[in-house]
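The values are calculated or read from the model by the stated rules, or taken from the named source; none is laboratory data. All values reported here derive from a predicted model rather than from experimental measurement. Using ideal geometry, Cβ is built from the backbone for each residue, glycine included, and neighbour counts are taken over all protein chains shown. Quick note on the areas: whole protein, heavy atoms, side chains included, nothing else; ligands and nucleic acids left out. Shrake-Rupley method; radii C 1.70, N 1.55, O 1.52, S 1.80 Å.
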Amino acid sequence: MTTLLTVISTLLWWVLYSSIGALFFAIVAWSVLRWVERCAVVFNRTYLACLVWNLIGLLIVAVIAIHEGHTKPPYAPLLASPLLRGALVVDMIVGVFVLWRLIPRVDAHRIRPTSACMAVAVLMAVAYGAATSLA
C-alpha cells in the first residue's frame, strides 16, 4: 500500500510541477509566436502544448538523472553529461513537433514549423540559462 501511495504522490507532483513550468513556458512561447507569426495564436493551446512538452521533457531528464546517478545537488556533472545533452536535443525535436501540431493561429491555420523552432530555441535558451545559474 505504501508503494502505491508513493507512486500516486510522485505522479501528482510530476503533473503539478509540469503545470507550473508549462505556464511560464507558455507565456514566453505565446509572446515569441505572436512576434514570429505576426498573428495572434491561441494561448490555451499554447499552454496545452507546453504542458505536454514539459511532461515528456521532465520524464526524459529524470530517466537520464537516475541512470547517471545525479539525483541530488550539485547538478553540474549532470549538465556536463553527453547523454543529457543528447536527450535535450531529442527533447527539442519533440518540443518543435508538439508545438507545431497543437498550436493554431486565430485564423485557424497551424503555426509554421520554423516558428515552432524559434519558440523552442528561445525556451531552451531561457531554461538552460536558468539551470546553469542555479547549478
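Structure notes:
- Based on Cα contacts under 8 Å between residues 6+ apart, the chain shows a relative contact order of 30 percent.
- Averaged per residue, the chain has 61 square angstrom of accessible surface, using a 1.4 angstrom probe with ligands and nucleic acids left out.
- Here's how it looks for Arg105: its modeled amide H is under 5 Å from those of Arg110, Ile111, which are all 5 or more places away or on a different chain.
- Summing +1 for each Lys or Arg and -1 for each Asp or Glu among the other residues whose beta-carbon sits under 12 angstrom from that of Val41 gives +4.
- Across region 4-15, rounded Karplus estimates of 3J(HN,Hα) from the backbone phi angles (6.51 cos²θ - 1.76 cosθ + 1.60, θ = phi - 60°) give 4, 5, 5, 5, 5, 4, 4, 5, 5, 5, 4, 5 Hz, Gly and Pro being marked x.
- Here the mean projected area of the convex hull built on the C-alpha positions of region 1-61 is 4.5 nm².
- When the solvent-accessible area of the chain is split by element, carbon and sulfur atoms take up 76 percent of it, the probe being 1.4 Å.
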